[in-house]
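Asker: Let me begin by handing over the structure; questions about it come next.
All of the numbers you see were taken from the coordinates with simple rules; none came from a lab. What you see is a predicted model; the values in this text were computed from it and never measured. As a convention, Cβ positions derive from the backbone with ideal geometry for all residues, glycine included, and neighbour counts pool all protein chains shown.
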Amino acid sequence: MNQHTLPLTIPHVAEEAARKWSNEPALLENGEEWSFSELWRRGRESASAFLAAGIGKGDRIAIWAPNSREWIVIALGILTAGAAVVPLNTRLKGREAGDILRRANVRMLFTVDDFLDTDYPALIAGEALPDLTQIVLIGNELEGFLAGGKGADDPTIDDAMAALSPEDISDIMFTSGTTGAPKGVLTTHSRIVPMFRHWVEVMGLAEGERYLIINPFFHSFGFKAGWVAALIAGAVIIPMPSFDVAGVIERIEQDKVNFLPGPPTIYQSLLAAKAMQDFDTSSLRGAATGAATVPPELIRRMREELNLVDTVTAYGMTECSTITACRIGDPRRPDRTKLRQGNPGTGSHDCGTRWHRGRTMQYRRNMGAWLCCDAGLSG
């Protein structure tokens, strides 16, 4: 996708991917493969169902479920109808989820009743949710909901697409609440599309690469830097509901995974498993890590033992997704600390170098804070 002719919104990204890569594989789950055309066709079917249900601009629809192809289809339908996605953390308790559903004025909730031994609808059974009109169980009731639409050829879908604007709210993602009550962050399509086009370039994510997405879709790392980035790049989405070492190894070997982002714990677990019993990592190429301290020794071992030769680290936050990232090819010397160019739309800019702890460091002023990125920990 040309940087100067970026799709306007996330649904336009999916539409262009279907036009550009039509019959190429877009998604692989449980041995079943969908092409980009098939994924977009199902996204349009979902949009028709939402439009038939009276969903449109200004509405908020929540998804409280693990990573799956259905999650993406539901999200594409919501966004195409002009509404905003409200992703809910699958670890939330009923009171916490109820608070978010109330404050976001959520009209519909798509969820499951059999993940992590949890019946999610039961958790919020006692919550007062005046705006919530319908709960749809993804496993049992989604097909029935989709049948309420007129299918992928419904002309109202094209009308809805034409009415979409880059400044429409795409999602309301809530912070973790570390310093108080979780805050709902309203993000527009105009922030996501250019930012993650740039992210794709920084990560070297390429057309046809197989991208195992362990990071949850309710988080920017799994949603925006996950399946949205894959659609931008033309990469193959391999969703994984939750982290399981044996399961990850199986996916790597069977699906020939190329790109494997995640927090340091994932790689530490894989290294420990490989030390006990070797497994094939020849397909792996790249990783993006962060969200915790990343020791230089871990980066070295990821490159040498897991074949993740293109490993970089990135810094971000819910309020603005990715802020800054090191690039493939950055110097590997641990005594050199530098800040790489930030992503478009983050409001960050270069501010030169400073002397810190005996080293010259490049900093950037970003949204009122000084940020730095240590190439020795990442590049």
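Asker: Arranged from highest to lowest average of other beta-carbon atoms within 10 Å per residue, in what order do the peptides 38-51, 216-229, 258-271, 94-107 appear? Don't skip to the answer; put the middle values down first.
Answerer: Details: 38-51: 23.8, 216-229: 25.4, 258-271: 20.1, 94-107: 18.4.
The packing order, highest mean first, is 216-229, 38-51, 258-271, 94-107.
Asker: How high is the FRET efficiency from Glu32 to Gln277, r the C-beta distance, R0 35 Å, rounded to 0.05?
Answerer: Values: r = 28 Å, r/R0 = 0.81.
Taking R0 as 35 Å, the efficiency between Glu32 and Gln277 is 0.80.
Asker: Treating the beta-carbon of each Lys and Arg as +1 and of each Asp and Glu as -1, no other charges, what is the dipole magnitude of segment 59-135 about its Cα centre, to the nearest 20 debye? Walk me through the intermediate numbers first.
Answerer: Numbers: 8 positive and 10 negative charges, 58 e Å.
Its charge dipole is roughly 280 debye.
Asker: What are the ³J(HN,Hα) couplings of segment 127-142, residue after residue, when phi is run through the Karplus curve with 6.51, -1.76, 1.60 and θ = phi - 60°? Round to Hz, x for glycine and proline.
Answerer: Ordered by residue, 3J(HN,Hα) equals 8, 7, 10, x, 8, 7, 9, 7, 10, 10, 7, 4, x, 10, 10, 5 Hz.
Asker: Check Thr188: other-chain or 5+ apart residues with amide H under 5 Å from its amide H, H built from backbone geometry?
Answerer: Counting only residues 5 or more places away or on other chains, the set is Ser170.
Asker: Could I ask something else about it? Once phi is turned into ³J(HN,Hα) by the Karplus curve 6.51 cos²θ - 1.76 cosθ + 1.60 with θ = phi - 60°, what whole-Hz value does each residue of segment 111-117 show in order, with x for glycine and proline?
Answerer: With the stated coefficients, segment 111-117 comes to 8, 10, 10, 8, 10, 6, 6 Hz.
Asker: For segment 27-189, what number results from the quotient of the Cα radius of gyration and 2.2 N^0.38 Å?
Answerer: Details: Rg = 15.5 Å, N = 163, 2.2 N^0.38 = 15.2 Å.
That works out to 1.02 for segment 27-189.
Asker: Say R0 is 25 Å: what FRET efficiency, to the nearest 0.05, do Glu319 and Glu297 get from their beta-carbon distance? Could you put the intermediate results ahead of the total?
Answerer: Working: r = 31 Å, r/R0 = 1.25.
According to the calculation, E is roughly 0.20.
Asker: Could I ask something else about it? Rank Leu308, Ile237, Pro296 by how far each Cα sits towards the positive end of the charge dipole of segment 202-326 (+1 on Lys, Arg Cβ; -1 on Asp, Glu Cβ) and give me just the farthest.
Answerer: So the residue we want is Pro296.
Asker: Along segment 198-210, what does the Karplus equation 6.51 cos²θ - 1.76 cosθ + 1.60 (θ = phi - 60°) give for ³J(HN,Hα), rounded to whole Hz, x for Gly and Pro?
Answerer: Rounded to whole hertz, the list is 5, 4, 4, 5, 4, 7, x, 5, 10, 3, x, 5, 9.
Asker: Once R0 is set to 35 Å, what does the formula 1/(1 + (r/R0)^6) return for the Cβ-Cβ distance between Glu141 and Ala206, expressed as a FRET efficiency to the nearest 0.05? Before the final figure, lay out each step's value.
Answerer: On the way: r = 38 Å, r/R0 = 1.07.
Rounded to the nearest 0.05, the efficiency is 0.40.
Asker: Set Lys and Arg Cβ to +1 and Asp and Glu Cβ to -1, take the dipole of segment 1-44 about its Cα centre, and tell me which of Trp34, Ser22, Pro7 lies farthest positive.
Answerer: The residue sitting most towards the positive pole is Pro7.
Asker: Find how many whole Å separate the alpha carbon centroid of segment 234-308 from the alpha carbon centroid of segment 131-174.
Answerer: Rounded to whole Å, the Cα centres lie 34 Å apart.
Asker: So, with +1 on the Cβ of K and R and -1 on the Cβ of D and E, and no other charges, what is the size of the charge dipole of segment 27-189 about its Cα centre, to the nearest 20 debye? It would help to have the intermediate numbers written out before the result.
Answerer: Working: 14 positive and 24 negative charges, 128 e Å.
Here the size comes out at about 620 debye.
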